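The values are calculated or read from the model by the stated rules, or taken from the named source; none is laboratory data. Being a predicted model, the structure only gives us computed values, none of them experimental. Using ideal geometry, Cβ is built from the backbone for each residue, glycine included, and neighbour counts are taken over all protein chains shown.
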Amino acid sequence: FSNITNTNDWKIREELDRAGQNLRNDAAYALTLFNKIVEQNPASPRALYGKAQSLDVLAEQKRSNKFLEGAIDAYEQVLNISDITHALFKQVAERCINRLRFRGSYKRAIPIHKSLIIKFPDDINYQNELAVTYLTMNNFYEAKKVLYEILLKWPNDGFAMVNYGFILKRYDLDLKQAVKYLKKGIATRHPGVIDGRFYYHLGDALIRLGRSEEAMAVHIDGVKNKVFLSKYQRSLHNVDRLTGKPWWTKEDMPNAKFFNKLEQQWMTIRDEGISLLNTDGLFKSETEDLREVGDWKQFEIYARGVKNEKNCRRCPKTCQLIETFPDAIGCRRGQIKFSVVQPGTHVWPHCGPTNCRLRSHLGLKVPSGVFIRVANEIRSWKEGKFLIFDDSFEHEIWHNGTSTRLILIIDLWHPELTKQEKRTLSNV
Ligand code: LMR
Ligand code: MN
């Protein structure tokens with residue numbers, strides 16, 4: 001422990017070591033001992049560190065946020081002591097950031113990142129980690145500034161390159177530059193660069209630039225590196241054993257009854273959808289940067305297994321029909337919504353986030369000239385009929401017709417998931 005022990009702590013090191021020996025087996029007792037030492041030595045970094053660690057262990061054992069907050073407070077107190085060794089500062093700051101991220105308190109981690117960078121300006125990891133925290137906060141602007149500085153000093157760092165490229169793609173929509181950084185970054189094979197997000201957005205940028213052969217090579221390399229299930233199925237939140245195929249039929253499903261019932265009632269659903277369309281402002285524009293051109297709007301009824309009460313009241317009959325289908329309304333990895341696409345629209349090829357849902361489309365208003373491609377097969381909708389596909393596979397939409405296309409989208413759990421999985425899978 002010599003390098004985490006400052007001159008004053010050196011005088012009480014035996015007492016500190018003895019208290020620390022209880023951390024594993026009896027954290028509550030360790031806490032009592034460290035509290036006593038803190039009382040006598042309020043400026044002792046190691047005594048406070050011991051207190052923080054005891055609270056940290058207790059937080060994990062009791063799964064208690066109160067203890068975790070206590071631990072974080074104590075870690076921060078350690079960091080505020082000026083007479084602290086470099087080695088201890090590192091240990092404490094890294095753990096404190098780790099716990100703050102776990103807690104979702106990203107903003108509070110920022111000053112700690114910054115003090116690590118000031119103390120250890122040559123350690124690139126501390127700068128990359130600051131960028132990661134900013135990215136997790138969706139603060140692309142600050143993340144980009146940090147990464148830019150890193151690349152000035154370390155132009156060949158793969159991790160900084162892929163993250164910088166990711167921001168250029170997602171935030172600046174600068175596809176060409178994004179490709180450059182993502183490609184070069186992934187090629188370094190540095191730790192952290194073999195990540196589905198970077199592969200996905202590199203492939204996506206290439207597709208949009210019309211470089212589809214290069215995109216295909218990226219997707220195949222992604223499969224080889226196990227970030228994608230297959231070259232077409234590029235969702236990133238997956239349960240590996242599930243059957244994956246682009247198109248499904250009602251008969252493939254345990255709930256054919258439900259689909260048949262909705263098909264029988266399709267005109268009721270259509271009429272509600274159309275009257276919603278006739279009220280301005282109810283449908284919201286797609287915001288995920290998926291369109292090349294055109295107009296694509298949605299009216300949400302369920303999202304991630306939660307009913308949108310207000311919207312449901314605006315289409316009560318549709319909602320009532322849907323409510324008889326637990327695998328749809330309980331699908332925390334999906335949505336239920338009306339979706340309207342206007343003539344002249346092209347939606348870029350894209351993949352949904354997870355292979356744990358299937359997506360069903362009930363055709364409500366289907367003019368000619370509208371198409372959907374899933375993997376390598378193009379189909380169209382039919383009024384009053386369901387199309388069922390797995391939207392974790394690459395799909396693309398065209399509206400080359402002359403009037404509005406309206407469908408009802410119902411996502412449902414993949415039929416091979418267990419009850420337990422449906423209960424416990426995280427929302428995405
Ligand atoms: C999609 O799910 O990406 C599209 O199929 C939605 C739509 O309205 O066609
Ligand atoms: Mn889609």
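For the range 34-51, give me each residue that is in contact with an Asp or Glu (Cβ under 8 Å, 6 or more places away or on another chain), part of a helix (DSSP H, G or I) and either at pLDDT below 95 or not β-branched (Val, Ile, Thr) (or both).
Answer for the range 34-51, where residues must be in contact with an Asp or Glu (Cβ under 8 Å, 6 or more places away or on another chain), part of a helix (DSSP H, G or I) and either at pLDDT below 95 or not β-branched (Val, Ile, Thr) (or both): Pro45, Arg46, Ala47.
If you take the residues in the range 308-352 that are among the hydroxyl-bearing types (Ser, Thr, Tyr) and buried (at least 20 other Cβ atoms within 10 Å of the Cβ), which one is nearest to Trp248 (Cα to Cα)?
Within the range 308-352, the subset among the hydroxyl-bearing types (Ser, Thr, Tyr) is 318, 324, 339, 345.
When the remaining residues are screened for being buried (at least 20 other Cβ atoms within 10 Å of the Cβ), the result is 318, 339, 345.
On the way: Thr318: 23, Ser339: 20, Thr345: 25 Å.
The residue in question is Ser339.
Report yes if Gln91 is part of a helix (DSSP H, G or I) and surrounded by fewer than 21 Cβ atoms within 10 Å (Cβ to Cβ), otherwise no.
Working: part of a helix (DSSP H, G or I): yes; surrounded by fewer than 21 Cβ atoms within 10 Å (Cβ to Cβ): yes.
When the stated conditions are applied, Gln91 passes them.
So if I check each of Leu358, Leu364, Leu412, Leu387, which one is at negative phi, part of a strand (DSSP E or B) and away from ligand 2 (no atom under 16 Å from the Cβ)? Please lay out each step first, then the result.
Details: Leu358 fails: away from ligand 2 (no atom under 16 Å from the Cβ); Leu412 fails: away from ligand 2 (no atom under 16 Å from the Cβ); Leu387 fails: away from ligand 2 (no atom under 16 Å from the Cβ).
Exactly one residue qualifies, and that residue is Leu364.
Which residues, counting only those in the range 25-74, are in contact with a Lys or Arg (Cβ under 7 Å, 6 or more places away or on another chain) and among the β-branched types (Val, Ile, Thr)?
Val38, Ile72, listed by residue number.
At least 1 residues that are modelled with pLDDT of 95 or more and under 18 Å from the mean Cα position of the chain (by Cα) in each: list the helices (runs of 4 or more DSSP H) lying fully within the range 100-200 that qualify.
106-119, 124-136, 140-153, 158-170
Being over 17 Å from Ser230 (Cβ atoms) and charged (D, E, K, R) is true for just one of Asp391, Asp411. Which residue is that?
Values: Asp391 fails: over 17 Å from Ser230 (Cβ atoms).
The match here is Asp411.
Can we say Gly273 is on the phi < 0 side of the Ramachandran plot, in contact (Cβ under 8 Å) with a residue 40 or more places away in the chain and either of a type outside the set (Asp, Glu) or within 16 Å of ligand 2 (Cβ to nearest atom) (or both)? Spell out how you get there, then give the answer.
Values: on the phi < 0 side of the Ramachandran plot: yes; in contact (Cβ under 8 Å) with a residue 40 or more places away in the chain: yes; either of a type outside the set (Asp, Glu) or within 16 Å of ligand 2 (Cβ to nearest atom) (or both): yes.
Considered against the rule, which asks whether it is on the phi < 0 side of the Ramachandran plot, in contact (Cβ under 8 Å) with a residue 40 or more places away in the chain and either of a type outside the set (Asp, Glu) or within 16 Å of ligand 2 (Cβ to nearest atom) (or both), Gly273 comes out as yes.
Looking only at residues in the range 390-403 that are part of a loop (DSSP other than H, G, I, E, B) and in contact with a strand residue (DSSP E or B) (Cβ under 6 Å, 6 or more places away or on another chain), which one is nearest to ligand 2 (Cβ to nearest atom)? Please lay out each step first, then the result.
Residues of the range 390-403 part of a loop (DSSP other than H, G, I, E, B): 390-392, 394, 400-403.
With in contact with a strand residue (DSSP E or B) (Cβ under 6 Å, 6 or more places away or on another chain) added as a condition, the list becomes 390-392, 394, 401.
Details: Asp390: 11, Asp391: 5, Ser392: 10, Glu394: 10, Gly401: 19 Å.
By that ranking, first place goes to Asp391.
Out of all the residues in the range 352-404, which are among the charged types (D, E, K, R) and either touching a Leu at 6+ places or on another chain (Cβ under 9 Å) or in contact (Cβ under 8 Å) with a residue 40 or more places away in the chain (or both)?
Scanning the range 352-404 gives Arg357, Arg359, Lys365, Glu377, Arg379, Glu383, Lys385, Asp390, Asp391, Glu394, Glu396.
Can you name every one of the helices (runs of 4 or more DSSP H) wholly within the range 230-319 that holds 3 or more residues which are at pLDDT 95 or above and either within 15 Å of ligand 1 (Cβ to nearest atom) or under 18 Å from Arg405 (Cα atoms) (or both)? Give the derivation first.
On the way: elements: 256-264, 266-277, 309-314.
It comes to 266-277.
Mind checking which residues of the range 262-294 are of a type outside the set (A, V, I, L, M, F, W, C), closer than 23 Å to Lys169 by Cα and under 26 Å from the mean Cα position of the chain (by Cα)? Step through it out loud before you land on a result.
We begin by selecting, within the range 262-294, every residue of a type outside the set (A, V, I, L, M, F, W, C); these are 263-265, 268, 270-273, 275, 278-281, 284-289, 291-292, 294.
Filter again for closer than 23 Å to Lys169 by Cα, leaving 285-289, 291-292, 294.
Answer for the range 262-294, where residues must be of a type outside the set (A, V, I, L, M, F, W, C), closer than 23 Å to Lys169 by Cα and under 26 Å from the mean Cα position of the chain (by Cα): Ser285, Glu286, Thr287, Glu288, Asp289, Arg291, Glu292.
Regarding the range 326-344, can at least one residue be identified that is at pLDDT 95 or above, near ligand 1 (Cβ under 9 Å from one of its atoms) and assigned to a loop (DSSP other than H, G, I, E, B)?
No: zero hits.
Inside the range 36-56, can you point out the residues that are in contact with a helix residue (DSSP H, G or I) (Cβ under 6 Å, 6 or more places away or on another chain) and surrounded by fewer than 21 Cβ atoms within 10 Å (Cβ to Cβ)? Don't jump to the end; show me each part of the working.
Taking the range 36-56 first, the residues in contact with a helix residue (DSSP H, G or I) (Cβ under 6 Å, 6 or more places away or on another chain) are 37-38, 41, 44-52, 54-56.
Answer for the range 36-56, where residues must be in contact with a helix residue (DSSP H, G or I) (Cβ under 6 Å, 6 or more places away or on another chain) and surrounded by fewer than 21 Cβ atoms within 10 Å (Cβ to Cβ): Val38, Asn41.
Quick grid of which residues meet (1) near ligand 1 (Cβ under 9 Å from one of its atoms); (2) modelled with pLDDT of 95 or more; (3) crowded, with 17+ Cβ neighbours inside 10 Å; (4) not charged (D, E, K, R):
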residue	(1), (2), (3), (4)
Thr354	no, yes, yes, yes
Arg357	no, yes, yes, no
Ser380	no, yes, no, yes
Glu394	no, yes, yes, no
Glu416	no, yes, no, no
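Can you report the number of residues in the range 396-414 which are away from ligand 1 (no atom under 13 Å from the Cβ), more than 17 Å from Gly352 (Cβ to Cβ) and crowded, with 23+ Cβ neighbours inside 10 Å?
Of the residues in the range 396-414, 0 are away from ligand 1 (no atom under 13 Å from the Cβ), more than 17 Å from Gly352 (Cβ to Cβ) and crowded, with 23+ Cβ neighbours inside 10 Å.
Please list, ordered by first then second residue, the pairs with beta carbon atoms under 6 Å, 6 or more apart or interchain, first in the range 70-88 and under 20 Å from Ala27 (Cβ atoms), second β-branched (Val, Ile, Thr).
Tyr75/Val92; Val78/Val92; Leu88/Ile4
Can you confirm whether Leu290 is touching a residue at least 24 places away in the same chain (Cβ under 8 Å) and either buried (at least 17 other Cβ atoms within 10 Å of the Cβ) or under 25 Å from Thr243 (Cα atoms) (or both)?
Working: touching a residue at least 24 places away in the same chain (Cβ under 8 Å): yes; either buried (at least 17 other Cβ atoms within 10 Å of the Cβ) or under 25 Å from Thr243 (Cα atoms) (or both): no.
So Leu290 does not fit the description; no.
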